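A short write-up of the structure that comes next.
The values are calculated or read from the model by the stated rules, or taken from the named source; none is laboratory data. In this text the structure is predicted, and so the values were computed from the model without any measurement. Backbone-built Cβ (ideal geometry, glycine too); neighbour counts: all protein chains shown.
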Amino acid sequence: MDSPIEPPIRLGVIGCGQVVEQSHVPALLESPGIVTVAVADVSRHRGQTVAEALSARSRPSIYSDHRAMLEYEDMTLVLLATPPGVRREQALDVASSHRHILCEKPIATTLAAADSIVTACERFGVRCLMVHNYASFYEHLRACELIHQGAVGRPQTVILQGLGSSPWDGVPDFQPGWRQNPLMAGGGRLMDTGVHGLYLAEMFFGERPQSASADICFGPTGPPTDVRCFARYRFRDGLALLHVGEGHGSCSIEILGDGGRIEMSYPADTSSFDASPTAVSVYRDGTRVLCDVLGRSRAHNLTPAFYTHVLARLRQAPAYLHSGHHGRDLLATMMATYLSARERRQIDLAMELSPSLRQRGALELWA
Ligand SMILES: NC(=O)c1ccc[n+]([C@@H]2O[C@H](COP(=O)([O-])OP(=O)(O)OC[C@H]3O[C@@H](n4cnc5c(N)ncnc54)[C@H](O)[C@@H]3O)[C@@H](O)[C@H]2O)c1
């Protein structure tokens, strides 16, 4: 007998800005296992724009107050794609309505807010899954596979560099440039794009880092919105170097092991590691021993593969690797990175951060 076909997961969206229109909508249009039934945005125009963009798959209802959406709509999962500085209340409302959360990164601007989101999800028995979309890119999964196959021996150093990534503006309807507002963004390039590099380094090493040290540079709006961050994360047996920022820099990812290296080849004009590499290669003793030439470049930085992973986790797997807990731990690591830059010392990540840093985030360091 055929196995019964599962009905699609019913999704609601809170925040219909740039990332939803440019990244989530194209992936959702190609994800048959998920249907968007409602969208909410304080800007009616944004809600309409995203509902229209989804119209080839569904006809979502449009709300300007997410609480009304939670009250009237039948949904299992809610995507939170508002800026991190306004997300806490919405996350608590979603959790208390017994819907699972799919949360854009970073989870929050402060550890206190992140903790309250994670705790609310536990209390109401719902999951919090993070949008850590770079983890589902083919080249990163392929690099993990090569590491597990022993292609380069034991990973010793991971170098991730994206030194030409300009911040997105955000839609004009809301607060364009909110990424330069510490209250909305909680930090700068590290919080906005470095977070992707941090979880990729963790993926390649297969564990969390133990200590952080960093130098950061501020731009015209001053601290704590760093325009460049040069961070070092020490893992049990290795080191990750994460360099992210605005400017004229390029993009590269290398994984150096005791038996060789994995290298992603990016076109010369790419500047941020959401770009598509043209190949993933393995070198041993200076010779290329494997080269996976990749097809055409990704059109969007969130692929249908991401939603396939989300559905798999919701339906079968007991836990999601990139859970709210993980999002919270990444935020703690980024706060420790800022603290290291402020105090010019290495920070042990097992150390409890001060209550004021947990409460106020990076603003505490440079007030
Ligand atoms: N994963 C990725 O690759 C990726 C890429 C870009 C952005 N992001 C993240 O996505 C989030 C949104 O970024 P963006 O660039 O789309 O921002 P944006 O400014 O373009 O959009 C934010 C939207 O939220 C709406 N909004 C604000 N407050 C609201 C409220 N209280 N209720 C309902 N709607 C509200 C605004 O009207 C706006 O439409 C951020 O956390 C950002 O870091 C992730």
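Numbers at a glance
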item: Subset of region 82-118 [surrounded by fewer than 21 Cβ atoms within 10 Å (Cβ to Cβ), away from the ligand (no atom under 11 Å from the Cβ) and not aliphatic (A, V, I, L, M)]; result: Ser96, Ser97, His98, Asp115, Ser116
item: Cβ pairs under 7 Å, 6+ apart, first in region 7-29 and within 6 Å of the ligand (Cβ to nearest atom), second part of a helix (DSSP H, G or I) and among the basic types (Lys, Arg); result: Cys16/Arg46; Gly17/Arg46
item: Test result for Pro26, buried (at least 20 other Cβ atoms within 10 Å of the Cβ) and at pLDDT 95 or above; result: no
item: Selection within region 175-202 - more than 23 Å from Phe235 (Cβ to Cβ), among the small types (Gly, Ala, Ser) and in contact (Cβ under 8 Å) with a residue 60 or more places away in the chain; result: Ala185, Gly186
item: Output for region 30-49, where each listed residue is within 25 Å of Ala312 (Cβ to Cβ) and either among the hydrophobic types (A, V, I, L, M, F, W, C) or touching a residue at least 60 places away in the same chain (Cβ under 8 Å) (or both); result: Glu30, Ser31, Gly33, Ile34, Val35, Val37, Ala38, Val39
item: Tally of residues being free of Cβ contacts under 8 Å to residues at least 60 places away in the same chain and either of a type outside the set (Ser, Thr, Tyr) or more than 8 Å from the ligand (Cβ to nearest atom) (or both) across region 63-81; result: 9
item: Entirely in region 220-329, the strands (runs of 3 or more DSSP E) that have 3 or more residues that are of a type in the set (Lys, Arg); result: 226-234
item: Test result for Gln48, within 10 Å of the ligand (Cβ to nearest atom) and not in a loop (DSSP other than H, G, I, E, B); result: no
item: Test for Leu302: is it over 30 Å from Leu92 (Cα atoms) and at pLDDT 90 or above; result: no
item: Test result for Glu89, among the charged types (D, E, K, R), closer than 26 Å to Leu190 by Cβ and in contact with a strand residue (DSSP E or B) (Cβ under 9 Å, 6 or more places away or on another chain); result: no
item: Criterion: closer than 20 Å to Ala95 by Cα, at pLDDT 95 or above and either touching a strand residue (DSSP E or B) at 6+ places or on another chain (Cβ under 9 Å) or surrounded by fewer than 16 Cβ atoms within 10 Å (Cβ to Cβ) (or both) - qualifying residue of Ile62, Ile34; result: Ile34
item: In region 30-40, the residues that are away from the ligand (no atom under 11 Å from the Cβ) and not small (Gly, Ala, Ser); result: Glu30, Pro32, Ile34, Val35, Thr36, Val37
item: Options Glu139, Glu145; residue that is more than 16 Å from the ligand (Cβ to nearest atom), closer than 23 Å to Gly197 by Cβ and charged (D, E, K, R); result: Glu145
item: Residue match in region 68-79 (condition: touching an Asp or Glu at 6+ places or on another chain (Cβ under 8 Å), at pLDDT 95 or above, crowded, with 23+ Cβ neighbours inside 10 Å and closer than 28 Å to Arg123 by Cβ); result: yes
item: Qualifying position, being without any contact (Cβ under 8 Å) to a residue 24 or more places away in the chain and within 16 Å of the ligand (Cβ to nearest atom), among Pro172, Pro167; result: Pro172
item: Top-ranked residue of region 175-186 - restricted to ones that are farther than 19 Å from Val244 by Cβ and near the ligand (Cβ under 8 Å from one of its atoms), ranked as surrounded by the most Cβ atoms within 10 Å (Cβ to Cβ); result: Gln175
